Amino acid sequence: MIKAMLALGSLLFGGLMVSVGDTRAEEQTSLSAEQGDLVESLLLQMTLAEKVGQLNQAAGGRSKNLNSKLTPEEYDRVRAGGVGSYLHVAGAEPLRELQRIAVEESRLRIPLLFAMDVVHGYRTIFPVPLAIAASWEPEQWETTARISAREAASSGLHWTFAPMVDITRDPRWGRVVEGSGEDPYLGSIMAAAQVHGYQGQDLAAGDTVMATTKHFGAYGAPIGGRDYGSADISQRSLHETYLPPFYAAMAAGTGGYMTAFNDIAGRPTTANADLINGTLRGTWGFDGMIVSDWNAIAELMNHGIARTRSDAGALAISAGIDMDMMSLVYADDLSAAVTRDPALLTHLDNAVRNVLKAKQKLGLFDNPFIYHDAAKEAVTLRAQDHLDAARQVAVRSIVMLKNDNAILPLGGKAKRISVIGSLATDTQSQLGSWRARGDKAEVVSLLDGIKSGAGKGAVVDYAAGIDPDNPNALQEAVELARNSDIIVLVTGEDYDLSGEARSRSDVSLPQEQQILTDAILAVDRPVIVALTGGRPLAISNIAEKADAILMTWFLGNEAGSALADVLFGKSAPGGKLPISFPHTTGQVPYSYSEYPSGRPADPDPTKDTNRYSDLPITPLYPFGHGLSYGDIKISNLVLSAQTVDSSTPLTISVTLINNGKIAGDETVQLYLRDRVASIAQPQKMLRGFKRLSLKPKEKRTVSFTLTSDQLAFYAPDGKWRSEAGAFDAMVGSSAENIVLTSEFELTETVESKVPASAIATKVAVK
Ligand code: BGC
């Protein structure tokens, strides 16, 4: 039917086209029609206005005002072909009507694309991304993304602005909560898992959504951690640290990318042709769709590289940005630029092609209404198995930072438990920074979870400790704590302290939380701290005085149930930090993977070495740190050979055994170091990990198989190269707790094409 319509369309309107005036284009029309190439046929029929219309992504309203902008005037804009996509819209029924107008009442009947930030859940909300990264289990991301896609697609959406894969080493940056932390290898594994989860096997299946890997560039490296700020970084760190997860997402098939708001050394990514058309589309071979960030094309004027809106549009379209999120520069000002400079038409056509192809991959030309079944939506949102998964993912995301004298799990030990801290009832915070259509009324609070998990014999009391309407709140909390057997103190940040435009200059606790925390830690009772937050926090007082600490981030719908599962021993905690926790804000930015100094840091502060004189040389809790129940030992490091070359991979294996009395988890981590190379190499680079759950006495052998490409670095000539020489293989339970080391040799120098951290190590468990 569509093909017939297109043929008719070309007959009726062919002569009126702005862009098909020349004979070459007309030849192409018949060629394309013969080949039945829908996208090319459409392109040849489109007016300039319809082309820019396809590149225009309009906003349907944000959060509570979802769909609020879908007015009669907006419907007319769709009829006129002025919009290609909407973001911040939702609902099978409302969007069906909008889609109907597009495919029945617009001239070329091109379907619309509906998008939203479905980042860690749609209606069922999962833990925030940094928390899921802490599971060190890509399976958790795959499940989360799969369910999110199923829910979002049932609600009329085709497209999510996720995964967010920005690496950051600066916890001051508010958006640290949205990514996978500091490490490009962990980040790459998590990026690929999300793409697989969102997109499934078939983008046209009707229960999958197209992924947008964001924010392409170096958004996670703004100076001082201030959101939107310039990333003045080297090409080496761009390619070795920030870009690998973007590559991994492409290898996993991401349908789209979103570019970063900020600039790299003065070049805003929104207009960076070398990075978008050069690296991403050229060197890497990406052939999908690229969207700008919100209003970012217009903001090229603020960056000081465009004088007018039409200049900004020309820069963005030439750089390779297909769709303009919200700024209306393409819609309103690109035609003028094209008239001035007809060479832009090629870029414009490419952009339209990419948008139409995305619609095609999603099956929208064949069945534009497949995403609009309200009955399916009703049974899909918050289905019981989604909630069960949310609880499971939340359990896996919790990181036990400390557990003195094995005070946890509580089991039947505690009779009177006092839960202290207003964050224990703050259900809004558990939804985290992006909550799509999550509803705080549907969240199990930490307090409610503890109450239902505590068991019959226990008494659970609560005091907020912080209450603007009650001047005695703190005193009452201290009293309650004194009269209990054990204290669960819920402290940290609330959701509004991390996320976009939420950078902080100080990553310690907010003042009122600190006052409450210090007062409770001074009570002579065992204190278990459940720490909430969306970033690494500087918590030295807690680290020193609490008996146990659980990093609970923001855990989503099933937050309280998951915390209770861990507290009372139904499940073992086993998350690991995906980013270092500093002693103080002054210790950031920090990474375990820095280059070695000529004067390496020495614990002795009287020596002149690479350190702060007033802090230990390692962070408070290092990358990869996290405890569990049980007592798991790592032993028996075996290498398949002492040498490796481009044709023979190397297998590194270790054995884990649980010598404890209860089940526990360990995530065994493999780090490498290239000892001597033509340019200095990081002190450690993560190149493999595996989380295992072991029953008492259970024993497992984990093998990591690496290739020589995974030893490469980004050389000054812009090539990936692994240099012959000696390497250390280090295995441990965190970046600072290496228990076994061995040496091997790469016997030849090898050039490769792929960012080394983006290559997944093969892992086998026996
Ligand atoms: C954010 C993006 C997001 C977009 C649409 C922007 O402000 O930077 O991550 O996808 O808004 O909501």
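The values are calculated or read from the model by the stated rules, or taken from the named source; none is laboratory data. This structure is a prediction, so every number in the text was calculated from the model and none was measured. Neighbour counts are summed over all protein chains in view; Cβ atoms, including those assigned to glycine, are modelled from backbone coordinates with ideal geometry.
Exactly one residue out of 577, 531 is of a type outside the set (Gly, Ala, Ser) and not in a loop (DSSP other than H, G, I, E, B): that is 531. A single entry from 389, 464, 441 fulfils the requirement of being at pLDDT 95 or above and closer than 20 Å to residue 149 by Cα: 389. Close Cβ contacts (under 6 Å, 6 or more residues apart or on different chains) running from residues in the range 286-310 that are more than 16 Å from the ligand (Cβ to nearest atom) to residues that are among the acidic types (Asp, Glu) and in a helix (DSSP H, G or I) comprise 309/333; 310/333. Inside the range 496-512, can you point out the residues that are part of a helix (DSSP H, G or I) and either crowded, with 24+ Cβ neighbours inside 10 Å or acidic (Asp, Glu) (or both)? Answer for the range 496-512, where residues must be part of a helix (DSSP H, G or I) and either crowded, with 24+ Cβ neighbours inside 10 Å or acidic (Asp, Glu) (or both): 496, 512.
The requirement of being crowded, with 24+ Cβ neighbours inside 10 Å, farther than 22 Å from residue 390 by Cα and touching a Ser or Thr at 6+ places or on another chain (Cβ under 9 Å) is not satisfied by residue 163.
Residue check: residue 239 meets all listed conditions (1) farther than 30 Å from residue 155 by Cβ; (2) part of a loop (DSSP other than H, G, I, E, B) but one, namely (2). Across the range 92-115, the qualifying residues are those that are crowded, with 20+ Cβ neighbours inside 10 Å and either within 15 Å of the ligand (Cβ to nearest atom) or not hydrophobic (A, V, I, L, M, F, W, C) (or both), and the one among them that is farthest from the chain's Cα centre (by Cα) is 106.
One line per residue, one yes/no per condition, for (1) touching a Lys or Arg at 6+ places or on another chain (Cβ under 6 Å); (2) buried (at least 24 other Cβ atoms within 10 Å of the Cβ):
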| residue | (1), (2) |
| --- | --- |
| 448 | no, no |
| 451 | no, no |
| 470 | no, no |
| 474 | no, no |
| 478 | no, no |
| 482 | no, no |
| 487 | yes, yes |
| 490 | no, yes |
| 493 | no, yes |
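The sole residue among 635, 653 that is over 19 Å from residue 399 (Cα atoms), within 30 Å of the chain's Cα centre (by Cα) and assigned to a strand (DSSP E or B) is 653.
The residue that is nearest to residue 380 (Cα to Cα), among those in the range 166-193 that are buried (at least 24 other Cβ atoms within 10 Å of the Cβ) and of a type in the set (Lys, Arg), is 175. Can you pull out every residue in the range 580-606 that is touching a Phe, Trp or Tyr at 6+ places or on another chain (Cβ under 6 Å) and not in a loop (DSSP other than H, G, I, E, B)? The one that is touching a Phe, Trp or Tyr at 6+ places or on another chain (Cβ under 6 Å) and not in a loop (DSSP other than H, G, I, E, B): 581.
Does residue 219 meet the test of being modelled with pLDDT of 95 or more, within 14 Å of the ligand (Cβ to nearest atom), over 24 Å from residue 381 (Cα atoms) and touching a strand residue (DSSP E or B) at 6+ places or on another chain (Cβ under 8 Å)?
Yes, satisfied.
Among the residues of the range 179-192, at least one is in contact with a strand residue (DSSP E or B) (Cβ under 9 Å, 6 or more places away or on another chain), within 12 Å of the ligand (Cβ to nearest atom) and within 27 Å of residue 709 (Cβ to Cβ). Applying the criterion of being part of a loop (DSSP other than H, G, I, E, B) and among the aliphatic types (A, V, I, L, M) to the residues of the range 134-178, the residue that is farthest from the ligand (Cβ to nearest atom) is 167. Does the range 57-69 contain any residue that is farther than 30 Å from residue 664 by Cβ, more than 18 Å from the chain's Cα centre (by Cα), more than 16 Å from the ligand (Cβ to nearest atom) and surrounded by fewer than 24 Cβ atoms within 10 Å (Cβ to Cβ)? Looking through the range 57-69, none of the residues is farther than 30 Å from residue 664 by Cβ, more than 18 Å from the chain's Cα centre (by Cα), more than 16 Å from the ligand (Cβ to nearest atom) and surrounded by fewer than 24 Cβ atoms within 10 Å (Cβ to Cβ).
Do we find that residue 261 is assigned to a loop (DSSP other than H, G, I, E, B), more than 15 Å from the ligand (Cβ to nearest atom) and either at pLDDT 95 or above or of a type in the set (Val, Ile, Thr) (or both) in this structure? For residue 261, the condition - assigned to a loop (DSSP other than H, G, I, E, B), more than 15 Å from the ligand (Cβ to nearest atom) and either at pLDDT 95 or above or of a type in the set (Val, Ile, Thr) (or both) - is not met.
Among residues of the range 707-719 that are within 15 Å of residue 673 (Cβ to Cβ) and touching a residue at least 12 places away in the same chain (Cβ under 8 Å), those with a beta-carbon under 7 Å from a residue that is aromatic (Phe, Trp, Tyr) and crowded, with 20+ Cβ neighbours inside 10 Å at least six positions away or on a different chain give the pairs 711/727.
Under the condition of being over 24 Å from residue 89 (Cβ atoms) and out of contact with any strand residue (DSSP E or B) (no Cβ under 9 Å at 6 or more places or on another chain), the residues counted in the range 423-449 number 5. Looking at the range 330-347, is at least one residue of a type in the set (A, V, I, L, M, F, W, C), buried (at least 17 other Cβ atoms within 10 Å of the Cβ), out of contact with any Ser or Thr (no Cβ under 7 Å at 6 or more places or on another chain) and part of a loop (DSSP other than H, G, I, E, B)? The answer is no; no qualifying residue exists. The one condition from (1) under 20 Å from the mean Cα position of the chain (by Cα); (2) within 15 Å of the ligand (Cβ to nearest atom); (3) surrounded by 21 or more Cβ atoms within 10 Å (Cβ to Cβ) that residue 227 does not meet is (3). Pairs linking a residue in the range 71-88 that is within 18 Å of residue 323 (Cβ to Cβ) and basic (Lys, Arg) to a residue that is within 16 Å of the ligand (Cβ to nearest atom) and not in a loop (DSSP other than H, G, I, E, B), with Cβ atoms under 8 Å and 6 or more positions apart or on different chains, are 77/58.
Considering each residue of the range 267-282 in turn, at least one proves to be more than 16 Å from the ligand (Cβ to nearest atom), in a loop (DSSP other than H, G, I, E, B) and under 21 Å from residue 314 (Cα atoms). Of the residues making up the range 77-88, those that are within 15 Å of residue 59 (Cα to Cα) and out of contact with any helix residue (DSSP H, G or I) (no Cβ under 6 Å at 6 or more places or on another chain) are 77, 85, 86, 87, 88.
Could you list all residues from the range 340-357 that are among the basic types (Lys, Arg) and in contact (Cβ under 8 Å) with a residue 60 or more places away in the chain?
If the condition is that a residue be among the basic types (Lys, Arg) and in contact (Cβ under 8 Å) with a residue 60 or more places away in the chain, then 353, 357 are the ones that fit.
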